[in-house]
Every structure is written in structure tokens, then in C-alpha cells.
Amino acid sequence: MAAYLKTEDLAVGYNGQPLIRDICFSLEKGKVLTLIGPNGAGKSTILKTLTRQLSALHGAVWLDGRALRDWAPRPLAQRMAVLLTDRVRPELMTCAEVVAMGRYPYTGLLGRLSEADAAMVDRALALVHAQELAGRDFATLSDGQRQRVLLARALCQEPEILVLDEPTAYLDIRHKIELLELLRKLAREQKLTVLLSLHELDLAVKSSALLLCVQGDKIAAFGPPEQILSEELIQQLYGLGPGAYNPLFGSVELAGPAGDPKVFVVAGGGCGIPCYRALQKQGLPFATGILFENDIDCQVARSLTGAVVTAPAFEPMGPDQYAQAAALLERCELVLDAGGPIGSLNHLNQRLLDLAREKQIPVRRAQR
């Protein structure tokens with residue numbers, strides 16, 4: 001499929017000074033592309049250049065096979081809607097009137113709305129679940145409500161491409177999810193092309209077909225998140241010190257406690273994760289095992305401690321793993337039984353609990 005939006009050797013910046021060079025990507029119609037990267041990396045600068053609020057310093061931007069610079073303002077506004085982070089403060093306007101501003105590319109010189117225009121305003125408000133706000137004074141809204149109304153204004157333009165800069169910044173978690181699900185739905189069902197920036201890395205991974213990773217004066221990576229994201233890339237992109245990125249979950253973990261393990265957690269089947277997080281918050285270093293390599297407990301534990309005893313998936317745990325886990329357990333002051341299921345493949349975890357009692361190491365059953 002041909003690219004709907006494409007850049008070639010694009011350089012962006014201010015006052016003739018390039019901030020980011022060699023920006024090259026292509027975006028098909030009906031896809032969601034998200035820009036990620038640290039504060040000040042230049043995500044907003046890229047978006048402002050792609051929407052012609054800033055002039056490109058080098059290279060070219062193509063929209064639907066035509067150079068962006070060649071589009072006249074009205075036809076461009078009928079193709080592209082923009083929602084940036086700049087605060088909009090209209091005076092003495094209802095939310096419906098603010099949304100109706102999105103019809104300006106289609107109205108005449110007097111800006112009068114037709115019945116079809118008024119119906120489009122109602123539809124846009126309904127899409128963002130803001131019908132009840134239609135008659136409210138825009139100035140009285142909360143930040144989250146304003147964001148939803150401004151999104152409705154953008155959708156009211158009936159764009160083919162929607163550009164949003166940090167659209168979730170003022171939304172609570174419910175409305176973040178609703179917004180991103182709406183964008184995915186519009187992209188999938190109406191072939192709306194969506195280009196946005198996000199700070200929530202986990203939401204970016206789970207809602208986007210493509211990611212553009214912006215780092216310093218360059219693009220660190222571009223492509224599907226499941227193909228390009230790794231712990232190493234995120235460490236490099238954000239300069240993470242403590243903490244780690246888990247590419248399987250698309251989420252970031254805070255740093256685990258440092259030092260020799262004081263607690264051994266017998267876990268498995270996802271039961272260990274609450275224990276790990278509780279120990280992390282208390283600053284208590286821990287060890288854990290025996291965990292199958294495909295266990296969800298294993299994925300989290302590896303981000304929080306270096307003392308994880310693992311066994312190959314779908315195979316019985318063996319004496320080597322037991323010996324390794326027993327050596328760690330005997331050096332600990334406490335054993336936590338996370339309450340994971342015990343079966344024929346992981347029966348050695350029961351032996352670890354028995355060993356703790358033999359060695360008179362206190363064993364506590366985690367509350368669930």
C-alpha cells in the first residue's frame with residue numbers, strides 16, 4: 001500500500017538551526033504512528049513541522065503523494081486536523097461552538113452552519129462521549145473535559161489524517177484508554193491516519209502500529225513496537241539509570257532492592273508478583289524460584305532481582321535447579337510461600353518449603 005504521509009531526509013529546528021536530522025518514515029492510511037522519547041527530544045517540533053506550523057529546514061514531507069508545501073490552506077484543513085498542547089482559551093463560547101469551529105474548512109465566508117454541519121458537531125461530541133458538555137461554557141471545564149472537546153473539534157473537520165501532541169496529558173486513566181481506543185477504532189474502521197506523541201510508553205506500545213523513537217538529534221528507531229523495542233533501546237532512548245524496561249509487557253519496572261537476598265520467595269503461576277512488589281517497596285532484597293522460564297513471575301522477577309532460579313518450560317524441574325535454589329534459600333532470613341500451584345513438574349518447590357522448615361527458617365504464607 002502506498003504511503004499516505006512520508007518524509008525524506010527531513011531536518012527540523014528553529015531559527016535555521018537543525019534540532020533533528022535525517023527523519024525518514026512512511027505511514028499508510030489507516031495506521032497509528034506514535035512518537036516517543038524523553039522531554040525536549042523534539043517530538044513537538046517534528047509534529048509542528050509536519051503540520052506546517054514550522055518550516056522544514058531540509059528535506060521534504062509528502063501528503064497523499066503531493067509535497068506538503070504545495071497544499072493550499074483550505075484543502076489541507078479538509079485533509080488534516082491538528083490538536084497540539086498549546087492551551088486554547090476561547091472567550092464566552094459553549095463547547096458546541098468550540099467544536100463547530102472544526103467546520104471552518106467547509107463553511108462559507110460568513111461561517112454559517114448547515115444542518116449537515118450541525119449534525120457533524122453532534123456526532124463529534126458523541127464520539128468523545130461529551131454530549132452532556134455541549135451547552136457548557138468551555139472556560140469552566142476541567143483540563144480533561146477540554147481535551148475531549150478539542151478532540152471533538154478536530155474530528156469535526158472530517159480529516160483523513162489527525163495529528164495530536166500528547167493528547168492524554170490531562171486525562172485520567174479511564175479517559176486515556178477511551179481516547180486511544182477511539183483513535184484505534186477510527187483508524188481501523190474509517191481509515192483515519194493518526195500521528196501522535198505520548199509519554200506513556202506502555203500505552204504507546206499497546207495502541208500503535210508504528211513507533212518513531214526520537215533521541216537527541218536523531219531518530220533512534222522506526223517500526224512496529226514488537227520488532228524494534230528492546231530493553232537496550234529504551235535504556236538508550238531515555239537514559240534510564242535505575243529501573244528496567246520489559247519488552248514482553250511493554251512496561252517499565254522501578255529498580256529492585258540492592259544487596260544480598262534476605263527473603264526467598266517460592267512462587268510460580270503469577271502468584272509471586274505481589275510478593276516481589278511488596279518486598280521492593282520495603283527495600284528488602286530477595287531471591288526467588290524455582291520458576292519456569294515462560295512463567296509471568298519469571299519475567300517480573302528478572303527485572304527486580306538477579307537471584308532468580310529458573311527451569312526450562314514444560315520440563316520437570318531437576319536436581320541442579322533445586323540445589324541452586326536451596327543454596328540461596330539457606331542464606332535467607334525468611335521464606336515466603338506465594339501460594340503458587342504445585343504439580344508434577346514443579347514439585348521441587350514443595351521440597352524447598354520443607355527444607356526451610358527443616359532448617360528452622362520462618363515460612364510465611366502470602367495473603368492473597
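The values are calculated or read from the model by the stated rules, or taken from the named source; none is laboratory data. Keep in mind that what you see is a predicted model, and the values were worked out from it rather than measured. FYI the Cβ positions are ideal-geometry reconstructions off the backbone, even for glycines, and counts take in every protein chain you see. Ligands, DNA and RNA are stripped out before the accessible areas are found, and what is left, the full protein with its side chains, is counted by its heavy atoms. Shrake-Rupley method; radii C 1.70, N 1.55, O 1.52, S 1.80 Å.
The figures follow:
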| read-out | value |
| --- | --- |
| MRE, 222 nm, helices only [DSSP H, n ≥ 4, -39500 (n - 2.57), over the chain, to nearest 500] | -10000 deg cm²/dmol |
| Cβ crowding within 10 Å averaged over residues, with 348-361, 89-102 ranked highest first | 89-102, 348-361 |
| Within the chain, percent of DSSP bridges classed antiparallel, to nearest 5 | 45 percent |
| Theoretical FRET efficiency, 1/(1+(r/R0)^6), r = Cβ-Cβ of Lys185 and Asn294, R0 45 Å, to 0.05 | 0.90 |
| Rg to Rh quotient for segment 204-260, alpha carbon positions, Kirkwood Rh | 1.02 |
| From the C-alpha gyration tensor of segment 315-368, square roots of 5λ in Å | 18, 15, 8 |
| Mean Cα-pair separation over length for the chain, i.e. relative contact order, pairs under 8 Å, 6 or more apart, % | 15 percent |
| Amide H partners (placed H, <5 Å) of Leu84, local residues excluded | Asp165 |
| Calculated SAXS-style log₁₀ I(q)/I(0) at q = 0.12, 0.15 Å⁻¹ - the chain, Debye, Cα scatterers | -0.91, -1.16 |
| Residues of the chain: accessible area per residue with a 1.4 Å probe, Å² | 48 Å² |
| Carbon plus sulfur fraction of accessible area for segment 104-254, probe 1.4 Å, in percent | 54 percent |
| DSSP-defined beta bridges in segment 205-286 - what % are antiparallel, rounded to 5 | 90 percent |
| Peptides 209-215, 235-241 ordered by average Cβ neighbours within 10 Å, highest first | 209-215, 235-241 |
| FRET efficiency, 1/(1 + (r/R0)^6) with R0 45 Å, evaluated for Glu333 and Ala169 via beta carbons | 0.50 |
| Dimensions in Å of segment 241-350 - Rg and Dmax from alpha carbons | 13.0, 41 |
| Kirkwood Rh (inverse of mean 1/r, distinct Cα pairs), segment 1-122, angstrom | 16.6 Å |
| About the Cα centre, charge dipole magnitude for the chain (Lys/Arg +1, Asp/Glu -1 at Cβ), debye | 640 debye |
| Charge dipole of the chain about the Cα centre (unit charges at C-beta), most positive-ward option of Thr193, Leu210, Gly272 | Thr193 |
